[in-house]
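The values are calculated or read from the model by the stated rules, or taken from the named source; none is laboratory data. Because the structure is a prediction, the values reported are computed rather than measured. Cβ placement follows ideal geometry from the backbone for every residue including glycine, while neighbour counts extend to all protein chains displayed.
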Amino acid sequence: MDLLSVKDLHAQIDGKNILNGIDLSVKKGEVHAIMGPNGSGKSTLSNVIMGHPKFVVTKGSISFEGKDVLELSPDKRSRLGLFLSFQYPFEVQGLGFSKFLFSAYKARFPNKKISVLDFQKLLKSKAEALHMTPEFTKRELNVGFSGGEKKRAEILQLMMLEPKLAILDETDSGLDIDSLKLVAESVNRLRGPDFSAIVITHYKRILNYLKPDVVHVLSEGRIVASGDMSLADELEANGYKTVLQKSAMGRGAEK
């Protein structure tokens, strides 16, 4: 059974169609990369999977571990083990990062009994792996964080909440090479039969470290090509034009 199964997914926002028939299956332990031109629907797909209320699903299905999640709110999907790392993380003034994580941790693991002290010890160990000082988690959530700090804060949340499927929406955007390696190494440490990921990116560089099992190309709200890492190599060398032309020719032949 697939961990995530998306079938013939159509979605729109403000009456405009964005997704036009997405089919995507992710098995346990797999890492998938989704690439594509600007405006192709990559971020929309991540938001729809997580249940963003602004997007309306007009056709198709999304199931997670065999359970239909379309009627579930974002927080209920999160409790099942879905996680989204935002392309542009929000700043929340007045909310301490550590306090936020403690509340999220208790919601994610309602049956785990953990004291504030033990949680802080766990948080400190995870933060140190990301080269974060203890002072970092005492700050307000994302307030005054640099772009790289916001992305590392997202990965720290990922490490603490231990999702079954993480969707990383352009987590590599704006990262210098050291931060990029650190983020990729942290994700790689989570890899195993109980962790899968969908990595949305414009660039191959993070994929060099993550080495995805499958690479997809999204265009005009559809997955038009899928393959192994060689597909990302082709995109890096030639851009999207050749792949999109091949896809258009294939659709023409089908007609």
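Structure notes:
- Flag for Asp23 being out of contact with any Gly (no Cβ under 7 Å at 6 or more places or on another chain), among the acidic types (Asp, Glu), closer than 30 Å to Glu236 by Cα and surrounded by 15 or more Cβ atoms within 10 Å (Cβ to Cβ): no
- Among residues of segment 190-200, those that are surrounded by fewer than 23 Cβ atoms within 10 Å (Cβ to Cβ) and in contact with a helix residue (DSSP H, G or I) (Cβ under 8 Å, 6 or more places away or on another chain), counted: 1
- Flag for Val143 being surrounded by fewer than 19 Cβ atoms within 10 Å (Cβ to Cβ), touching a residue at least 40 places away in the same chain (Cβ under 8 Å) and of a type in the set (Val, Ile, Thr): yes
- Residue match in segment 168-179 (condition: part of a helix (DSSP H, G or I) and at pLDDT 90 or above): no
- Wholly within segment 21-128, helices (runs of 4 or more DSSP H) carrying at least 2 residues that are touching a residue at least 12 places away in the same chain (Cβ under 8 Å) and closer than 15 Å to Met160 by Cα: 74-80, 97-108
- In the condition set (1) out of contact with any Pro (no Cβ under 7 Å at 6 or more places or on another chain); (2) modelled with pLDDT of 90 or more; (3) β-branched (Val, Ile, Thr), Val199 is compliant with all but (1).
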